[in-house]
Structures are given as C-alpha cells and as structure tokens.
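Readers should treat all values here as calculations from the given coordinates under stated rules, not as data from a laboratory. Note that the coordinates shown come from a computational prediction; the quantities given were computed from them, not determined experimentally. Virtual Cβ from ideal backbone geometry, glycine too; neighbours counted across all protein chains shown.
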Amino acid sequence: MEIKIQNVVLSTHVKVIFPLTRIAEEYEDAEYEPEAFPGLIMRLKDPNITALVFRSGTIVCVGSKTQKEAETGISKIMKMMKPLGVKVPDKYSTKIENIVAVGSIDKDLNLEKLAFEMEDFEYEPENFPGLICRLEKPKASFLVFSSGRIVCVGAKKISDAKKALLIIEKKLKAFH
C-alpha cells in the first residue's frame, strides 16, 4: 500500500505574549478576528503552511507534509516577531500533535460485514459513511471507506502512522 502523509500538526509554546492585533496590522498574510476565533491565523507560502498564533505564546502549525516543513514554518513566524519587538527565544521545543496519513487497499469493502465480523470496528452509516477503528499500539485511529481508502489520524510519529496503516491493511486483507 502506498502511504501518503497529508498533514503534520506541530505546536510550540514560548513564554511570550504575542501582540495579535499588531501582528495582523503588520503582515498581510495574517488574519485576526477575535470575535470569531481567539487566535491569529497566519498563512505562509514558503513553506506552504497555516499557523494558529495565540496570545499566550502557543503556535500550532497545520498543513505541512513533513515535520521539517512545519518546524521551518514556526521558525519563520518566530523571526517575523522580532522586528515587532517581541522577545522570542532562539531555542524552543516543538511537539507533533497529530499526523494524518492516507492509503488504499485498492478494492471495495463491505463495511457492514466488516463491522459485524471485526470487533474493533464501529460503523454507524446514518452518522458517518466510514468505519471507525482504533489501535492502541501504535496509538492511531482510522476511517475506512467502502472504496478501500483508509485515513489514519491521531498518530504522534510518522513511523507510527505508517506502521498503523500497514496493520490495518493486513487486517482488512485477512478479512477478504
């Protein structure tokens, strides 16, 4: 199965108060509407990411395909703060919050039959068109669709997302 990483969500927290209104005034790629959302939304083109910047010092980066790309995006935002007089630290840690990966077993699946015969699958077609499956090791959740497409969410490492998708692929192929 070909596995593609769709999104790496990465966060950092620094002991700084980000002046969100001022950032929005200075940078055209920044949107701040506190009545609608408490954070500032910043869209970068290189790397192509979206960051949620919160007054409290937290930045959450979404939309990257790799951890390195997300880290580069956060670093770029930190550098953008310095000309505004924000004393951001030179060193800070980042943490993967979520990885979204997709794959496909290239065959149609009978979701009702799978849900009935496999104990760790949930299927409520009136609420959602896919099966939901959760793994404990590695910790990840899956959305399995009748087309054979599989979406993995909740992994904290790229290697875990790939490993988890291979486990689900094996379960599904053993079932068929």
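Values computed for the structure shown
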{"read-out": "For the stretch 63-134, fraction of C-alpha pairs farther apart than 14 Å, in %", "value": "74"}
{"read-out": "Proximal aspartates and glutamates relative to K113, as straight alpha-carbon distance under 15 Å, when same-chain residues fewer than 8 apart are discounted", "value": "E122, E124"}
{"read-out": "Subset of K4/K139; K4/K170; K95/K137; K91/K163; K45/K95 violating a 29 Å alpha-carbon distance limit", "value": "K91/K163"}
{"read-out": "Per-residue ³J(HN,Hα) for the stretch 3-16, Karplus 6.51 cos²θ - 1.76 cosθ + 1.60, θ = phi - 60°, Hz, x for Gly and Pro", "value": "10, 10, 7, 9, 7, 10, 9, 10, 10, 8, 9, 10, 7, 9"}
{"read-out": "Answer label for log10 I(q)/I(0) by the Debye sum over Cα atoms at q = 0.10, 0.17, 0.19 Å⁻¹ (calculated), chosen among [x] -0.43, -0.98, -1.15; [y] -0.50, -0.95, -1.08; [z] -0.35, -1.07, -1.36", "value": "[y]"}
{"read-out": "Dipole magnitude of the chain about its Cα centre (Cβ charges: Lys, Arg +1; Asp, Glu -1), debye to nearest 20", "value": "980"}
{"read-out": "Cα→Cβ-extended label distance, 7 Å offset, between Y92 and T21, nm", "value": "2.2"}
{"read-out": "Helix axis angle, 158-175 relative to the chain longest principal axis, alpha carbon, degrees", "value": "20"}
{"read-out": "For peptides 93-105, 144-156, 114-126, sequence by mean Cβ density within 10 Å, most packed first", "value": "144-156, 93-105, 114-126"}
